[in-house]
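The values are calculated or read from the model by the stated rules, or taken from the named source; none is laboratory data. All figures in this text were calculated on a predicted structure; none of them were measured in a lab. We place every Cβ from the backbone using ideal geometry, glycine too, and count neighbours over all the protein chains shown. With ligands, DNA and RNA removed, areas are computed over all heavy atoms of the protein, side chains included. Shrake-Rupley method; radii C 1.70, N 1.55, O 1.52, S 1.80 Å.
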Amino acid sequence: MSLYYIDMISVIEAKKLIEENCEPSRIILTPLLEACGSILAESIFSPIDTPPFDQSAMDGFAFSFDGWNGKNELFVTEEIQAGSFSNNTLKPGHAVRIFTGAPVPKGADSVVMQEKVVINGQYISIDDQMLSKGANVRLSGSQTKKGAIVLEAGVLITPAAVSLIAGIGIADVNVFAKPKINIIVTGNELVKPGHPISEGQIYESNSYGLMAALSQLGIIPDSVVMVGDEEDETIDKIMSQLKCDILILTGGVSMGNYDFVTSALDKCGVTKVFHKVKQKPGKPLFFGKKGSTLVFGLPGNPAAVMTCFYEYIVPVISRFTRKKYYKSLQLTLAQSYGKKPGLTHFLKGKTNESYVTILPGQESYLMNSFAVADCVVELEEEKEHFNAGESVVAKMIVR
Ligand code: AMP
Ligand code: MG
């Protein structure tokens, strides 16, 4: 192993340390619409039967099947619309005009659709060879029975699940909470897109990449702030942003004279868990903790920021939400690839069925390749030569 990397930990150790420092997930009662996309934390039991009554599935006529001999005309006594009901018990040989969703009255058990009926004043005759007892009636409780389990804890709340839950009259559900995330980007050189830049300045893109990636996970950061390369200002900003589950900083985490993030974090009482990982990009990655707040100091280069987010922060978000965001696949390397030993490489890749090509332009300041990549390929620390046809691990990026 190279001596140069002696003060760094491996990717595996870094991930283990992060996992050991994660807090247990929280459960939060959430309005149904906001809960869509979250994992249900407690099973849902139906407070009612649904349908709550025997319901017509058709616009037609309800009648007693046994009280009809197959040819006789039926006398139509009244009309029942969806939303209303009848207290009368239907007599054999009688029928009610009924509409979809309306309660089938006592005494009736079958509905004939209106297209299969000939109307003769107050009478109808049925022309439907296929009609059977119970036809076109949705029985009370045939979807959910009062007190029965409707959805088990641990399922994803899909839009259809939202509809099911709303349909049993429940407006709020317990889900695993999303983490509260704050972002601080550091650097004197940074200017927000949409403004002119002058000599020496660059556009601030890290918060954009992070916010876009978070938004794909259904998370909006509570706050995003910019700070210059000045220690006191960095301390102030960190102190004001520490009240969250995950604080993400970008830039200023290396060893340059103007890199104040690690010293400022220390002065804010953030305990370092590790600093520097044997990886490329993202070697200077910092991870620490204050109280229950997890603090990630990501190196400023945009490709390092995105890589560290996918590799280290997404798994932490998963611990909170209990959702799995990325598929990890074993793919076949389309070309041979060489690297120095000592660092795990995370490379922007493009898949084609079971093959993956490593894209050109892997330096940590370049986003061109990342922008069109669909996966991050992980090449292990010590290995130098990877042959075309070899199997490698690729994590698919949500797109
Ligand atoms: P640093 O980690 O602060 O030394 O920054 C490393 C590189 O990333 C430098 O070239 C910075 O200008 C650049 N950089 C830092 N922060 C950002 C940002 N928010 N957006 C775009 N580039 C950045
Ligand atoms: Mg900087």
Scan region 289-296 and give yes if some residue there is assigned to a loop (DSSP other than H, G, I, E, B) and either at pLDDT 95 or above or not basic (Lys, Arg) (or both), otherwise no.
yes
When you check PRO193 against the structure, is it open to solvent by 30 Å² or more (accessible area, probe 1.4 Å) and more than 16 Å from ligand 1 (Cβ to nearest atom), yes or no?
no
Of everything in region 272-282, what is in contact (Cβ under 8 Å) with a residue 24 or more places away in the chain and away from ligand 2 (no atom under 16 Å from the Cβ)? Give them in sequence order.
VAL273, PHE274, LYS276, VAL277, LYS278, GLN279, LYS280
Strands (runs of 3 or more DSSP E) completely within region 86-172 that count 2 or more residues being open to solvent by 20 Å² or more (accessible area, probe 1.4 Å):
94-98, 117-120, 123-126, 149-151
What are the pairs with Cβ atoms under 7 angstrom where one residue, in region 175-196, is touching a residue at least 40 places away in the same chain (Cβ under 8 Å) and the other, located anywhere, is among the charged types (D, E, K, R) and not in a loop (DSSP other than H, G, I, E, B)? Sequence gap at least six, or different chains.
ILE184/LYS237
Complete set of residues in region 237-264 that are in a helix (DSSP H, G or I), within 14 Å of ligand 1 (Cβ to nearest atom) and aliphatic (A, V, I, L, M):
VAL261, ALA264
Six or more apart or on different chains, Cβ atoms under 6 Å: show the pairs whose first residue is in region 249-271 and farther than 18 Å from CYS308 by Cα and whose second is part of a loop (DSSP other than H, G, I, E, B) and more than 6 Å from ligand 1 (Cβ to nearest atom).
TYR258/ASP229
Any idea how many residues of region 369-399 are of a type in the set (Ser, Thr, Tyr) and crowded, with 16+ Cβ neighbours inside 10 Å?
1
So which residues in region 283-298 are within 16 Å of ligand 2 (Cβ to nearest atom) and open to solvent by 10 Å² or more (accessible area, probe 1.4 Å), if there are any at all?
LYS283, PRO284
Looking only at region 300-332, how many residues end up being in contact with a Pro (Cβ under 8 Å, 6 or more places away or on another chain) and either open to solvent by 10 Å² or more (accessible area, probe 1.4 Å) or within 16 Å of ligand 1 (Cβ to nearest atom) (or both)?
6
